[in-house]
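Structure first, then comments.
Values in this text are rule-based calculations from the coordinates and carry no lab data. Remember, predicted model here, so these are calculated numbers, not experimental data.
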Amino acid sequence: ASDVYKRQPVITGATHEQKDKYLRMVSEDGALASYAITEPGAGSDVAACKTLAVRDGDDYVINGSKMWITNGLHGSLYAVLTKTDLNASPAHKGMTMFLAQRGEGFNVDGKIRKLGYRGLESVALSFDDFKISADRILGGEEGFGFKHAVGGLELGRINVAARGVGAV
């Protein structure tokens, strides 16, 4: 399926409990998954992520924004890349991916107009003090967000290239 790369971070990086819950959600229940990596001003530079997740007890509070989110308007599960350690060296080691669902402070800011490939919508997202449980960290451990993001992008880019060849 063309949506398989959006499940890829869960397939390859999630804990057993996360796989049981979220793969069932997108496979059996038909929920749409979204990959929230790209940010305004950062383009495809994953390491330039500025969306920040700060620990608050058993939760994290996320603030920031994302762009070009496919399935973002109707999505049910979002793999959201954040910074959790601003002092990490190299910087990509301070990144963490969360498995998020909409809630207070999680905003879909509207559809982005595109010239082509309109079969799937793209939206902008913003997070304003969005609270998320620590058990939503993909893989259960901080610092592996860059790895999860890049792994999914590799498969996603192959998918896009194949569609481009098929459209010719």
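3J(HN,Hα) couplings calculated from phi for the stretch 71-82 with the Karplus curve 6.51 cos²θ - 1.76 cosθ + 1.60 (θ = phi - 60°) are, in sequence order, 6, x, 6, 10, x, 10, 9, 10, 8, 9, 7, 9 Hz; Gly and Pro show x. Can you pull a Stokes-Einstein diffusion coefficient for the stretch 25-142 at 37 °C (0.692 mPa s), Rh from Kirkwood over Cα pairs, as a whole number of µm²/s? Rounded, D is 226 µm²/s.
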